[in-house]
1. With every protein chain present, what is the per residue accessible area of the chain (1.4 Å probe, Å²)?
2. For an R0 of 35 angstrom, estimate the FRET efficiency from the Cβ-Cβ distance between Tyr333 and Lys130 and round to the nearest 0.05.
3. Can you give the % of DSSP beta bridges in the chain that are antiparallel, to the nearest 5?
4. With charges only on Cβ, +1 for K and R and -1 for D and E, what is the dipole size of the chain about its Cα centre, in debye, rounded to 20?
5. What value, in deg cm²/dmol to 500, does the helix sum -39500 (n - 2.57) over DSSP H runs of n ≥ 4 give at 222 nm once divided by the residues of the chain?
6. Highest first, please rank the peptides 399-407, 214-222, 108-116 by the mean number of other Cβ atoms sitting within 10 Å of their residues.
7. Could you compute how much accessible surface Leu262 exposes when probed at 1.4 Å, giving the result in Å² to the nearest 10?
8. Once both axes come from the Cα atoms, what is the angle between helix 13-28 and the longest principal axis of the chain, in degrees from 0 to 90, rounded to 10?
Amino acid sequence: MGLFYDSTKINPEMELIRNYLNKDHKYRNGEFDIKWQGLVDDNFGASSYLESFASSGWRNLGSLMGKNSTAKADYIESLKNDTYLWSYGCGGGTYQSAGGIGTSEQISKSQLHGIYSMLFGSYFGDWDSKNNFLRAPLATSPSMLTNAWVGRPHWYFHHMGINFPIAYSALLSFKVMANYRPNFVYTAQYPNGIIYATAMRNNHIALMGDPTLRMFAYDIPAPNNLVASVDVKGLANLQWKSPDENQKFYYNIYRATEEFGLYTKVNKEPISTNTFIDSTFKYDGVAYYSVRTTALDTSNTATFYNNSKGIFASVSLTSVNQSIDNSLNMQIYPNPSSANINVELNIPSPDTYSLALYDLMGNLQIQLLDKYFNQGIFRFNYNLNSLHSISLSNGIYILQLKSSDNIIIRKLYLIK
């Protein structure tokens, strides 16, 4: 995402970035009620230029929204008075305006209720200018998130109909001559048609905003309470809860060896159970896992598999066989902690075990575990604040591990 560079002449740069990130987060979490419709504000007309600039709007929006949900309308006024997932506008331009649409200042002072935008006109495609018109929609509230200079060349966003990120469509549009035959026109001189193309693959082609956004960002409910542990064979064992116990869901499992590294899909086919053993992965170190619900989703043009947001957990693995102590034991690290703790349990024999956190007065704060275990070493990661209705205060707490015939306790120091 490019800098706003005084996009509003009013708000400082950091405030604009903060506003953008907040609305990006809201969109990803389904907090905007945006109608599945699009608008086209064409101030050139189909016959003014052979490219027919606004055809990018009609073709993309007709595919993504449907012909009955795409209409000719005024860009600013329509977005102020209604919600549109997609919008297109074109008109004779300057660095800070487009004829028939408005100016950077008008846009920045308006409440525009859209997400994805396309604009076209002279000059403002050179987007590194001050108060640039192409960047202006990103500076608005409450919801505009992307914009692109679309018309010379045309762009192709239809991949977003199967939930590809907008960056994929942008990249294909950047190298359009290699993928499509743009602006194929018929004239008296060329009755069999000819490609009429200008500005193909030039360095002015750019996407403003978050390139990772998808149209179907929050359709699928996510699973809950992922717990990663190590079984007696030293394998990662994942367990989680369904988004809804009354429905059947399928899941995909992803793994990485760095917390913010590249996650790769582990399972070949979606799984229907709420447990998974990573039986082929031998590794010394911390492994990071993510579980996502997967389900068929439907767009205006296709049916496709869509994933939910991921839930995450980590576990420490070793490729060396671990010997099991014959006594019940528990280790906590780090200790002191700021609330995120790792707990390692040495389970000497099959039994039902409970793990709970108490304050020094003996009041139960969090019930962490209450389940049957076979013999083995099991490791868990907990964020105590996310599991508690209120933030735990600084102090000393007691972590108690209990079986049918034994109890052990450890002191936990919380320091924030």
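The values are calculated or read from the model by the stated rules, or taken from the named source; none is laboratory data. The structure presented is a predicted model; accordingly, all values stated were derived computationally and were not measured. Don't worry about glycine lacking a Cβ; one is built from the backbone with ideal geometry, like all the others, and counts go over all protein chains shown. In case anyone asks, the SASA skips ligands and DNA or RNA and just uses the protein heavy atoms, side chains included. Shrake-Rupley method; radii C 1.70, N 1.55, O 1.52, S 1.80 Å.
1. Per residue, the chain has an accessible area of 49 Å².
2. 0.10
3. The answer is about 80 percent antiparallel.
4. 480 debye
5. Here the helix-only value at 222 nm equals -3500 deg cm²/dmol.
6. Listed from highest to lowest mean packing, they are 108-116, 214-222, 399-407.
7. Roll a 1.4 Å probe over it and Leu262 shows about 150 Å².
8. 70 degrees
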